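Data block below; observations after.
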Amino acid sequence: MINVLVTGAGGFIGKNLIDRLHKEKGVSVKQYHRGDDPSLLYRHLNESDIIYHLAGVNRPQRNAEFARINSGLTELIVNYLRENQKTPKIVFSSSTQAAFDTPYGLSKKAAEEALKNYSNETGAEVYIFRLPGVFGKWCKPHYNSVVATFCHEISHDNEIEIHDANKTLELVYIDDVVDNFIDCLTRKKTEEKFYYHISQIFHTTVGELARQLYEIKGTRKSLIIPDMSDKLTKYLYTTYLSYLDENNFSYDLPVYQDERGSLVELIKSHQAGQVFISTSRKGVIRGNHYHHTKVEKFCVIKGAATIKLRKINSDELITYTVSDQNIQIVDIPPGFTHSIENVTDGEMIVLFWANELFDQDNPDTFPLKVQQIKDDEKKG
Ligand SMILES: NC(=O)c1ccc[n+]([C@@H]2O[C@H](COP(=O)([O-])OP(=O)(O)OC[C@H]3O[C@@H](n4cnc5c(N)ncnc54)[C@H](OP(=O)(O)O)[C@@H]3O)[C@@H](O)[C@H]2O)c1
């Protein structure tokens with residue numbers, strides 16, 4: 001069993017870390033929060049194999065709080081451990097600001113020094129992470145994170161203030177921080193060093209951050225989800241959603257209706273095409289067209305359909321009967337004219353995926369009846 005203590009457990013990084021620690025096998029987690037009795041801290045310190053020391057202040061009401069909490073609490077912890085001959089491993093969330101002579105930076109630097117002395121004197125392992133801006137779910141807005149503040153304000157339709165759009169930002173994502181912290185649980189030090197880095201660091205500017213977040217907000221209207229293969233974009237998207245008000249998780253979509261039924265576009269992506277659904281009344285036949293490059297997947301999710309395909313220069317008719325009783329996808333290859341007919345008494349709902357976005361100016365859609373040849377023969 002690894003006994004873990006997390007100080008500052010109720011904060012942004014603390015909450016995310018604790019959730020992950022609870023999922024680790026053979027780990028017992030104790031928490032220390034602001035306002036807890038110091039005797040509780042001492043009891044936990046006696047039992048801990050590793051301490052994640054996250055308790056700290058970034059923007060206290062009085063400057064004296066920096067020294068009292070950031071360095072003072074750290075000194076209290078290492079002094080107690082030293083006096084009681086305990087040598088747990090300590091992982092400390094310092095800040096890139098520790099390189100600067102600000103009250104916050106100086107207090108973090110002093111905490112680092114206290115930890116390094118403790119390690120040098122006792123042989124205990126100390127891992128110091130000088131974190132840049134951390135972003136992700138559960139970070140308080142209007143505190144220590146421009147990402148949190150922008151996400152909150154933009155998602156609540158408030159104006160954001162940008163003083164210098166070109167100001168560069170160094171960011172790390174909360175799950176990466178947690179991953180790196182979790183690695184320390186079992187890590188054995190092989191080098192004489194104190195400082196460690198988060199494995200993935202992102203660089204952007206204040207202006208670009210705002211632009212991306214407004215674009216993310218706009219996805220509910222454009223339906224175009226951002227390029228999730230870009231990690232920063234993916235993490236900003238997920239972070240933005242975590243700031244939505246609970247009554248703002250849903251949004252309406254335009255419904256295009258005609259005599260056949262309705263069509264609703266759900267999600268579009270410049271990288272991955274689009275997803276849409278259609279409803280069709282009894283007996284309705286959709287399609288009777290082909291594409292050169294566009295390919296589609298048809299999936300009947302309510303009702304039953306006959307999907308017919310014919311290679312455009314062939315007479316051979318291919319028929320698939322599909323229904324909600326056995327959910328299947330039917331691929332529509334290029335160069336095959338195709339149709340889908342509702343063969344149930346009620347409404348049919350079909351989920352579609354197309355590999356490209358619908359382009360009004362170049363629809364790549366050519367009308368051609370699937371059963372034209374047979375029909376013409378019948379007429380004759
Ligand atoms: N998030 C970042 O971008 C970032 C970057 C660099 C470094 N860091 C450092 O990483 C640590 C965690 O950051 P965070 O973003 O999770 O901040 P946070 O949300 O403010 O969490 C810090 C936690 O420490 C608690 N705390 C304050 N004084 C305490 C005390 N005397 N005893 C016990 N707990 C105390 C706070 O309680 P209250 O909620 O009651 O104040 C809060 O729950 C901090 O030390 C911070 O300086 C964070």
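Every number here is computed from the coordinates shown, using simple stated rules; none is lab data. Nothing here was measured: the structure is a model prediction, and the numbers come from that model. All Cβ positions, glycine included, derive from the backbone under ideal geometry; neighbour counts span all protein chains shown.
Summary table
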| item | result |
| --- | --- |
| Sequence ranges 246-257, 308-319, ranked by mean other-Cβ count within 10 angstrom, highest first | 308-319, 246-257 |
| Two-site label geometry, residue 248 and residue 271: point separation in nm, points 7 Å out along Cα→Cβ | 2.6 nm |
| Spin-label model distance (nm) - residue 329 vs residue 260, 7 Å beyond Cα toward Cβ | 2.2 nm |
| Extension gain from residue 311 to residue 160, taking 0.36 nm per residue of separation minus the Cα-Cα distance | 48.8 nm |
| Highest-fluctuation residue, 216, 277, 50 considered, GNM on the chain with Cα pairs under 10 Å | 277 |
| The range 1-142: relative contact order in percent, alpha carbon pairs under 8 Å with at least 6 residues between | 24 percent |
| Cα pair count fraction exceeding 17 Å, expressed as % - the range 1-105 | 53 percent |
| Rg to Rh, two decimals, where the chain supplies the alpha carbon set and Rh follows Kirkwood | 1.17 |
| Gain on full stretching of the segment that runs from residue 58 to residue 33 - 0.36 nm per residue minus C-alpha separation | 7.4 nm |
| Percent breakdown of C-alpha pair distances by 10 Å bin, ordered from the shortest bin, for the range 125-222 | 14, 39, 27, 14, 5, 0 |
| Helix 206-222 vs. the chain, principal-axis angle (Cα, 0 to 90°, nearest 10) | 30 degrees |
| Ranking of 270, 338, 33 by count of other Cβ atoms within 10 Å, fewest first | 270, 33, 338 |
| Whole-Å semi-axes of the range 228-380's equivalent ellipsoid (Cα gyration tensor) | 33, 19, 14 |
| Segment residue 211-residue 20, extension gain: residue separation times 0.36 nm, minus the distance between their alpha carbons | 65.6 nm |
| Cα Rg, Dmax, the range 253-314, angstrom units | 13.3, 39 |
| Dipole-positive endmost among 45, 222, 370 within the chain (Cβ charges, Cα centre) | 45 |
| Inter-centroid distance (Cα atoms) of the range 250-288 relative to the range 47-99, Å | 57 Å |
| Table column - 3J(HN,Hα) (Hz), the range 81-97, Karplus curve with 6.51, -1.76, 1.60, x for Gly and Pro | 5, 4, 4, 9, 6, 10, 10, x, 5, 10, 10, 10, 8, 7, 9, 4, 5 |
| Residue (of 354, 328, 190) at the positive-pole extreme of the chain, dipole from beta-carbon charges | 190 |
| Nearest-0.05 FRET efficiency for residue 229 and residue 142, computed from C-beta distance (R0 22 Å) | 0.10 |
